[in-house]
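The values are calculated or read from the model by the stated rules, or taken from the named source; none is laboratory data. Just so it is clear, the model here is predicted, and its values are computed rather than measured. When we count neighbours, we look across all protein chains shown, and the Cβ atoms used for this are built from the backbone with ideal geometry, even at glycine. Just so you know, the surface numbers come from the protein's heavy atoms only, side chains and all, with ligands and any DNA or RNA stripped out. Shrake-Rupley method; radii C 1.70, N 1.55, O 1.52, S 1.80 Å.
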There are 2 protein chains.
Amino acid sequence: MTTSYATRLVDGRELIYYDRKPGQDRTAADLRTDLPPAFTTSQMRWNPLFRDYAVIAEHRQERTYRPPADLCPLCPSRDGKRTEIPASDYEVAVFENRFPSLSLASADVIPLIDEPPFRSAAAAGRCEVVCFTSDHDTPFAQLDPEHVRTVIDAWADRTTVLSAIDSVDYVFCFENRGEEIGVTLSHPHGQIYGYPFVPPRFYKTGEALERHRARTGACLQCDLLAAECADGARIITSSTHWVAYVPFAARWPYEVRLVPRRHLPDLPALTDDERDDLAHAYLTVLQAFERLFDTPTPYIAGWQQSPVRRGRDVWHLGAEIFTIRRAPGRLKHLAGSESGAAVWINDVAPEVAAQRLRGERPVDE
Amino acid sequence: MTTSYATRLVDGRELIYYDRKPGQDRTAADLRTDLPPAFTTSQMRWNPLFRDYAVIAEHRQERTYRPPADLCPLCPSRDGKRTEIPASDYEVAVFENRFPSLSLASADVIPLIDEPPFRSAAAAGRCEVVCFTSDHDTPFAQLDPEHVRTVIDAWADRTTVLSAIDSVDYVFCFENRGEEIGVTLSHPHGQIYGYPFVPPRFYKTGEALERHRARTGACLQCDLLAAECADGARIITSSTHWVAYVPFAARWPYEVRLVPRRHLPDLPALTDDERDDLAHAYLTVLQAFERLFDTPTPYIAGWQQSPVRRGRDVWHLGAEIFTIRRAPGRLKHLAGSESGAAVWINDVAPEVAAQRLRGERPVDE
């Protein structure tokens, strides 16, 4: 049973501790005296040609850039060093990002513009940082399953809390791992974005799920899962409640989709058993990525949940985990085709990627 | 008046020279004896969840990776060194990529699969390399306008030729510039992809243009152009036939849209005057990018033309030029929000980006 304790940092931002051991003292106050109030100007601007929003967040240009390890702001406050986490230890901690891409406070400073073709508004969302562990040097893949269960409970709780914010239409829990992906803090952490709109990728998925339901009466994600299990060539792991596979049409050199067998919309809908099982399945997937190369694998992992207010009954939860490394020392860059035209070119066949992720075939073959 | 001369390389790939000076001898034969026939296995696989294709091109994993400059395969063949261009000099040369993402020949080896949810087919398209100049060390931004005019004529001609291929639905002319974007050959060159489907980004734009036309009777691109000119804050350059501006909802730190004032669908539709004027306007934009930083600016530049067989009357040609560098030494990485959710977060306000591109404000302010 995970318990949570909510407090505030000295500049007013929220901090929430999540603990599986009851009775932890998380009341330590943030004693920093040199932290000016954060100022945010996030706005969302509509691009009518591509029918999507760009988020403009000027204040982020000044964000913290690769501090030395002994000044890590995500470590507990110890030895006189004051960090974002006042407690001297923690299991899992979540706090509001000091340099958020999306911010409820922006609504106070960003005007609404509705002069077509120019349309913009405050990007009134929320960005949180999830510290997966207090241990600076233990990556997610090496956490123990009970600890991962606490992370899952934190993700689920934050999803529930952020979904209750009027302006939030989508909650995206994700982890960026590795300098190659632009991660500026090496402490194991992820992020949660509460978007004030449904991101284009998930909007499109929602439409696809609705269309498939209307046409066949079935869930497309359930059908895909059944087809992948029947085929078998791309399965990475299969447990009581979860299946992980490389999608038939994977975009990335190594890409895995992890889905619950039961049709359900989001992380809060998972039962205790499904969460316990997920901890193991998720670790199996991350460890498969870790084994691919001689050096830590850069990856992006994100949860595709139901939009908050649209199509919850048709949505089927899934996680997407992928790396941008296509071979030792070589990255998959998003160049003209991907960034310009949104067409991904993948040099690794999904069936071969699955063999390598299962350890059946070396990567440098 | 640009003339062209078509020949074939020793492995059967096409090579076309484009020259403004008449009477050039481009008949030199490809004398390489050590070039095995290229083998391609490009396939397009449908992803029903996101409603897009991923292109799987396994053979590309083995492609040439940063050869030393004295072995540059895009330089003319000289001094006993045999390259992709048999001539001892050239102005502009286009040839079929030896490691193509898309290939008509794949149709011979890739079976059609139509077993929903699994659907795939040969990615029967075409990938060409455009050598902008024979001079290894002159970037596009430093070419003279007459030379750029030849490049424009080559782009237009290739668009016409590739559009005539049955399976090609979209012709995308683009340039990836800089190692940060993953460019493995430093010789100034671009690429042309003849996609066997309309790329998702342009499909969406086509829908937006059609919807706007149906609702207002007007062209959205024309309306945007008029609104940007009336506003003025984001204009980069404005000539007789062309206007370049930073879009109100720019996704990238520095992004420019270059559009013809006249409503027209693609590069072949440009008049002589429009092409001459484009050479100057395009150079103005590229030079603005070059001035931003102390080191050469990595950029992606691509032409958004009408799909070959759909919506030609509603389409309005435009080029998009952007850099992934957000500050000196810092890249805009596509992490969880961009690659996972397709939501771009931009740290530079488009109005500020425009000032910097116009040279009115330093970038490291």
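For region A:132-154, the residues whose amide N sits under 20 Å from a probe point set 7 Å from the Cα of A:Cys72 along the beta carbon direction are A:132-152.
Using heavy atoms of the protein chains and a probe of 1.4 Å, the accessible area assigned to B:Thr160 is about 80 Å². Calculated accessible area for region A:9-127 comes out at 47 Å² per residue, all protein chains present (probe 1.4 Å; ligands, DNA, RNA ignored). Please report, for A:Asp144, the nm distances (one decimal) from its label point, 7 Å out from Cα along the beta-carbon direction, to the equivalent points in the remaining copies, shortest first. Distances between equivalent label points, in nm: 7.5. Leaving out ligands, DNA and RNA, what percent of the accessible area of the protein assembly as shown is carbon and sulfur, probe 1.4 Å? In the protein assembly as shown, the share of accessible area belonging to carbon and sulfur is 49 percent. Shape class for region A:106-236, computed from the alpha carbon gyration tensor (a ≥ b ≥ c): oblate, with a/c not under 1.5 and a/b at or below b/c. Placing +1 on the Cβ of every Lys and Arg and -1 on the Cβ of every Asp and Glu, with nothing else charged, gives the protein assembly as shown a dipole about its Cα centre of roughly 940 debye. Charge tally around B:Asp169: other residues with Cβ under 11 Å, Lys/Arg +1 each, Asp/Glu -1 each, net +1. Placing a label point 7 Å from Cα along the Cα-to-Cβ axis, A:Leu71 is separated from the same position in the other copies by 4.4 nm, shortest listed first. Partner lysines whose Cα lies under 17 Å from the Cα of B:Lys204, excluding those fewer than 8 positions away in the same chain, are identified as A:Lys204.
For A:Thr271, the distances from its label point to the matching points in the remaining copies are 7.3 nm, ordered from shortest, with each point set 7 Å beyond Cα toward Cβ. Put simply, chains A and B cover up around 7200 Å² of each other's accessible surface, both sides summed, when a 1.4 Å probe is used.
Under 19 Å from a label point set 7 Å out along the Cα-to-Cβ vector of A:Asp89, the amide N atoms of region A:123-146 belong to A:131-139, A:143-146.
Between A:Trp242 and A:Arg261, the built amide H atoms are under 5 Å apart, and every one of these is 5 or more places off in sequence or on another chain. In order along region B:320-327, the Karplus-derived 3J(HN,Hα) couplings, from 6.51 cos²θ - 1.76 cosθ + 1.60 at θ = phi - 60°, round to 10, 10, 8, 10, 9, 8, 9, 6 Hz, and Gly and Pro are given as x. Working from label points 7 Å from Cα in the Cα-to-Cβ sense, the B:Thr271 to B:Arg51 distance is 4.0 nm. Relative contact order, whole percent, for chain A stands at 14, derived from Cα pairs under 8 Å and 6 or more residues apart. With 0.36 nm allotted per residue and the present C-alpha distance subtracted, the A:Thr240-A:Arg8 stretch has 79.6 nm of extension available. Using all pairs of distinct alpha-carbon atoms, the Kirkwood hydrodynamic radius of the protein assembly as shown works out to 27.0 angstrom. For the rotation that carries chain A onto chain B, the axis lies closest to a Cβ at A:Leu334, 3, where the number is the distance in whole Å.
Rolling a 1.4 angstrom probe over the protein heavy atoms with all chains in place gives region B:201-357 an accessible area of 31 Å² per residue. Shape verdict for region A:199-256, please, from the Cα gyration tensor: rounded (a/c under 1.5), prolate (a/b greater than b/c) or oblate. It is oblate, given that a/c is not under 1.5 and a/b is not larger than b/c.
Amide hydrogen proximity for B:Arg325: with H placed 1.01 Å from N in the peptide plane, the residues at 5 or more positions away or on another chain lying under 5 Å are B:Lys332. Spin-label model, B:Ile165/A:Lys81: points 7 Å from Cα along the beta carbon direction are separated by 5.6 nm. The Rg/Rh ratio for region B:280-339, using Cα coordinates for both the radius of gyration and the Kirkwood hydrodynamic radius, is 1.10.
For the pair B:Leu31 and A:Asp294, a Förster radius of 25 Å applied to the C-beta separation gives a FRET efficiency near 0.05, rounded to the nearest 0.05.
Per residue, the average separation of C-alpha pairs within less than 8 Å and at least 6 apart gives region B:228-267 a relative contact order of 30 percent.
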